[in-house]
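Have a look at the structure that comes next, please.
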Amino acid sequence: MIPTLADAEARDAGDQLGHFRARFELPPEVIYLDGNSLGALPLETPDRLEQVVREQWGKGLIGSWNTARWIEAPQTVGGKIAQLIGAAPDEVIVADSTSVNLYKLLAAALLADAAKHIILTEPGNFPTDLYIARGLAALRPGVSVRTVSRDEITAAAGPETLVLLTHVHYKTGARFDLAETTRAIRARGGTIVWDLSHSVGAVPLALGDARVELAVGCGYKYLNGGPGAPAFLYVARHLQTTLHSPLTGWMGHAAPFAFDNDYAPAPDLRRFLCGTPPILGIAALDVGVDLTLEAGMPAVARKSSQLCDLFIACLDETVELALITPRDSEARGSHVSYAHPEGYAVMQALIARGIIGDFRAPDVIRFGITPLYTRFADVWHAARILREILADRAWDNQAYRTRAAVT
Ligand SMILES: *Cc1c(COP(=O)(O)O)cnc(C)c1O
């Protein structure tokens, strides 16, 4: 039986995170189910940016590197993200984009261990992960990229492999068991770099307990840091002085303002910085991270799984849709995806009716369920409208077939 609107509204009435929705700018006429691609704007962000721009930059000028502690911002905000992922504050730093951080950590892991000459990942991993791995391999004679299906990854890992996995799959939402996969790969002598882009701020993470050594993650999805927000990287403390960034920029130097001719890496995670930190971007990210910390990851993760369960239940009898996301909430992230042969047109028809999700080629419609600002009633209405669009074939319209550059 399809849950009723009254069921959904009762859940909202009892929702301890319900008040967080009012902390975001959300157009009233849309139901936004794409926060896994670009998180919504926190109300406080424009004010914070205004203050950083007008006061710190406008009045403080260059002195703000010291007085407003801009120079420490990568570590300060990294330390907050650490709390969301079960790491120590000095194990996370904000820097660059996820793609660049992947490059830095993969290269550092290869440089640290001459035995590693295969980057092992799964076909269908997020494109940037595959492309960065191949680009890096092309620069390192003898290094190659190998892809095997996710069930075969562990068996294919060995002392020669550097494994690169995305914890929550961007399309299907399937989630690896972080601790078990890390344990199995390390036990075989492999090293593993985790991409947490679809996990941070969405699912519970305990990197320290899981004995994760290397990870990267994204700032503009569930952390609500804004378009192109800086990303972060994690290096377990015991590796911080043995690994070296391949991008030896001056901000990773032990004493950037000594202006030495020779490079000497910082004695801590700052060695993975490269150029001057993007202060405006970090300020916006800080606001988003603070909101998630205030809500608390256990509550956020609990609501995520309840919202996804409700959405799936509302669509269970819809024969046109094939659920490709695991039903078990422990085995998925915070988005729900369905395959439909006309997925692109179906999503366009949904967007025309104010339901914003996205489409991932070739046939996947994807709904990001962001617990901080999504109501149970939102999910219920989105499912109802999707059922209607399928029932009356509203998607079967030429106007919904023309593809935009960003899907
Ligand atoms: C979103 C995402 C990225 C983003 O990389 P950028 O460098 O910010 O474009 C990387 N990896 C995964 C798995 C993602 O989902």
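Given Thr67, Thr45, Thr98, which one is free of Cβ contacts under 8 Å to residues at least 24 places away in the same chain and of a type outside the set (Gly, Ala, Ser)?
Just one listed residue meets the conditions, Thr67.
Of everything in segment 140-154, what is over 18 Å from Ile185 (Cα atoms) and exposed (fewer than 12 other Cβ atoms within 10 Å of the Cβ)? Give them in sequence order.
Pro141, Gly142
Still on this structure, I have one more. Considering only residues of segment 325-361 that are in a loop (DSSP other than H, G, I, E, B) and in contact with a Gly (Cβ under 8 Å, 6 or more places away or on another chain), which is nearest to Leu390 (Cα to Cα)?
This residue is Gly357.
Answer yes or no as to whether Phe376 is surrounded by 17 or more Cβ atoms within 10 Å (Cβ to Cβ), within 22 Å of the chain's Cα centre (by Cα) and modelled with pLDDT of 95 or more.
No.
Residues that are closer than 30 Å to Asp209 by Cβ, of a type in the set (Ser, Thr, Tyr) and away from the ligand (no atom under 16 Å from the Cβ): which helices (runs of 4 or more DSSP H) entirely in segment 15-91 hold 1 or more of them?
By residue number, 73-85.
Moving on. What single numbered condition from (1) out of contact with any Leu (no Cβ under 7 Å at 6 or more places or on another chain); (2) not hydrophobic (A, V, I, L, M, F, W, C); (3) not in a helix (DSSP H, G or I) fails to hold for Thr374?
Thr374 satisfies all of (1) out of contact with any Leu (no Cβ under 7 Å at 6 or more places or on another chain); (2) not hydrophobic (A, V, I, L, M, F, W, C); (3) not in a helix (DSSP H, G or I) except (1).
Another one. Starting from residues that are crowded, with 23+ Cβ neighbours inside 10 Å and under 30 Å from Gly35 (Cβ atoms), keep the ones in segment 227-259 and report whichever is nearest to the ligand (Cβ to nearest atom).
The residue in question is Ala231.
The values are calculated or read from the model by the stated rules, or taken from the named source; none is laboratory data. Remember, predicted model here, so these are calculated numbers, not experimental data. Glycine also receives a Cβ, built like all others from the backbone with ideal geometry; neighbour counts cover every protein chain displayed.
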